[in-house]
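Contents: one structure, followed by commentary.
The values are calculated or read from the model by the stated rules, or taken from the named source; none is laboratory data. Worth saying up front: this structure is predicted, and the values here are computed from it rather than measured. Glycine also receives a Cβ, built like all others from the backbone with ideal geometry; neighbour counts cover every protein chain displayed. SASA here: full protein model, heavy atoms, side chains in, ligands and nucleic acids out. Shrake-Rupley method; radii C 1.70, N 1.55, O 1.52, S 1.80 Å.
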Amino acid sequence: MKNIYCLSFLLCVLTSGVVQAQQPKWVDYYKRQSMFPESNYLIGFYSESDLYNVGQEDYERMTGLAKKQLIEAIQVNIKSVSQMQIASHNSKVDEYFKQTNVSLARAKIVGLKTEQYYNKKRKEGYALVYARKADLMKFYREHLDKQLQELQNKVSEGNRFKASGDKRNALTSFFECTPILKEIEEAQSILLALGVVTELHIDEVNRLKTLRKEGITALQQSDLTMDEAAYFVSYGLKLQLEEEGLVMNLELPLYQNTGLTSEFSQRFKEVLSANMVKVGNYKVGRNHETNSPNLKVSGSFWEDGQSIKLITQVIDAKEEVAIASVETFLPKTWFQSQGVAYLPERVKRLQTLELLQLKALNPTVQAKVAQVPVSALEVQLMNAQGLEQRLESIPVKFSFANEEQAHKTFASDKQGKVDAYLDKIMSGKKVQIVFAEFDLEQYLDLEGVSENFKQWVEEKRAHLPKAKFILQVANLSVYVKAMESNLNKPVGILHIEPRLKEALANRSFVFTNDISQADLAIDIQANARSGSSYSGIYFSFADANVTVTDLNSGDELYKEAFSNVKGGGNNFRQAGIKALQAIGEKISKNILTILEK
């Protein structure tokens, strides 16, 4: 009926624009002002030069630009009238129009008349759009009253359905208020631009808006099923899109801003897809993905008290802006009764860790440099709230506080116990601190997840428990026995032993002359023998046998024979000393390599 009413009015008021043979008076600015005084008319005027071969498209384009100017004038008038209301201490009108979101750019303003003219000689085109204010006032007053009555009927209808428990029809009625409100706000805006202030029914419209909003909120927060929620979302999006049969891709709704999906994500996408087809005949799903649709439907959900709040948007893929949006709620009781998981698996795992504590069973451990600690670092996982919970296979990472060594990760057993066997302690610090914490990278499999989720994990990490161990580190004591000969005669000053001890001391080893107090025994048998000479330069060669024994276990850690290490000098004796020094460097390097493995 509304369309018929608007059309009949349009036919009564609208006269077809014609291209006149002679230049009309309105082309001239002063004559135009005289013909269409501002007190009686709204006008829009547009002119363009350098026009050749003017066709219908040109006239339509110029007319559209003239209409745009008229609409801009309306919007300026709205602002001007609102400011006048503030000046007269009545800010109700201004506040109301600040809260409405009316765009007149696409509005079909009833009663507009158009005229066009083309000056062939000057190659100039003109377009005029105008309407009598009195005609517009009459029409939009009647239109506003009619739409207000429809809004009252729809709100009442929605409340009746809600009271009877018919949630689907109740929400349909409330959602059908959306286009009515749009018509009302457009009519109010135009009347305001025409100077009408006292007949806009602002209080009544606000009252009905409040009732509608309260009704929708009550329905959305009631005990909905997933199918009902999907219907509400579909219908709400349809009313905002104002066009059926659109092609769009549906994406899985994501949990918060983590980029993660859950079982609910897949289930809701399937139900929403079916409802979008049923409600608006929209073409959704894989069959249409190859058509590169410009629209995509995305959503996000999160916990809100005893409900799951879901916001679904239709996004213009090219502009990356939301053109429709609906929010709804699903009670957690529905998920429990249906056995549907709404939390993503990684989030559930992280929440599991938040309920646990880590306790160091042997917080002080004795260790020695260059040896594997005899005792494991023992951690017990416990539930912080006394709830039964699976504690097996949870990875725990052991890290040195000052990063003296690389971290290692060990998994808990069925009882939630972790035994961590560290590698050799290479730092000579007397006191070293090791922290035990959950290995989130391994447990949550963070490879490939969104940066938002990684940041979320980092925020959670700071509040997860840690266990601390103190390593009391003692230096390994070494007993060195070195027999060094040069030309088959014992040397008075040793050359291999000092170099070896210097290298070991730099790695925090200590030395003892009492083999019973030593952790390691190093035995060196070395001799330098004469070789050849050439042009007054003499060459000798050193050979050595080296053995390293662990005196705590009796194991032979290292054994090697060195031969033919050359040295040169002014005589064979000096050459032998050089050879012993050179072989000492090799022995020191090899022993350190073995001890640090």
Probe 1.4 Å, protein heavy atoms only - accessible area per residue of the chain in square angstrom: 53 Å²
Whole-percent carbon and sulfur share, accessible surface of the chain, 1.4 Å: 47 percent
Positive-end residue, the chain charge dipole about Cα centroid, Cβ charges, pick of L70, L144, L181: L70
Under Karplus coefficients 6.51, -1.76 and 1.60, residue-wise ³J(HN,Hα) of the stretch 471-484 in Hz, glycine/proline x: 9, 9, 9, 10, 6, 6, 9, 10, 9, 10, 10, 10, 10, 10
Kyte-Doolittle mean at least 0.0 and Cα axial length at least 20 Å: DSSP H helices in the chain: 177-193, 226-241, 572-595
Spacing of the two label points (7 Å from each Cα toward its C-beta) at Q525 and K121, in nm: 12.8 nm
HN-Hα J in Hz across the stretch 418-428 - Karplus 6.51, -1.76, 1.60, θ = phi - 60°, x for Gly and Pro: 10, 10, 10, 9, 7, 6, 3, 7, 9, 7, x
Shape call, the stretch 312-406: gyration tensor on alpha carbons, a/c limit 1.5: oblate
Accessible surface, 1.4 Å probe, highest first, among residues F562, F161: F161, F562
24 Å Cα-Cα threshold exceeded, pairs from K213/K348; K238/K332; K283/K348; K167/K309: K213/K348; K238/K332; K283/K348
Built amide H within the under 5 Å cut-off of A324, gap 5+: V314
Surrounding net charge for G299, when Lys and Arg each add one and Asp and Glu each subtract one, Cβ distance under 14 Å: +1
Area accessible to solvent at L343, 1.4 Å probe radius, in Å²: 20 Å²
Kirkwood hydrodynamic radius of the chain, Cα pairs, Å: 33.5 Å
Amide hydrogen neighbours beyond the local backbone of L422, cut-off 5 Å, H modeled: L377
Surrounding net charge for H201, when Lys and Arg each add one and Asp and Glu each subtract one, Cβ distance under 11 Å: -2
Structure-based [θ]222 nm, the chain - -39500 (n - 2.57) summed over DSSP H runs of at least 4, per residue, nearest 500: -13000 deg cm²/dmol
Anchor K133: aspartates and glutamates whose Cα lies under 15 Å away (excluding residues fewer than 8 positions away in-chain): E38, E142
Highest to lowest packing among 482-490, 533-541, scored as the average C-beta count within 10 Å: 482-490, 533-541
Around N452: net Lys/Arg minus Asp/Glu count, Cβ-Cβ under 12 Å: -2
Candidate residues E403, E244, E319: accessible-area rank, largest first, probe 1.4 Å: E403, E319, E244
Two-site FRET efficiency, N169 against E244, from Cβ-Cβ distance with R₀ of 22 Å, rounded to 0.05: 0.65
Interchain or long-range residues, amide H under 5 Å from L557's placed H: V548, T549, D550
Simple Cβ-charge dipole of the chain, Lys/Arg +1 and Asp/Glu -1, about Cα centre, in debye nearest 20: 920 debye
Filter on K113/K182; K424/K578; K146/K296; K368/K454; K430/K597; K429/K466 - keep pairs with C-alpha separation over 26 Å: K424/K578; K146/K296; K368/K454
Added length on full extension, which subtracts the Cα-Cα distance from 0.36 nm per residue, E320 to A134: 62.7 nm
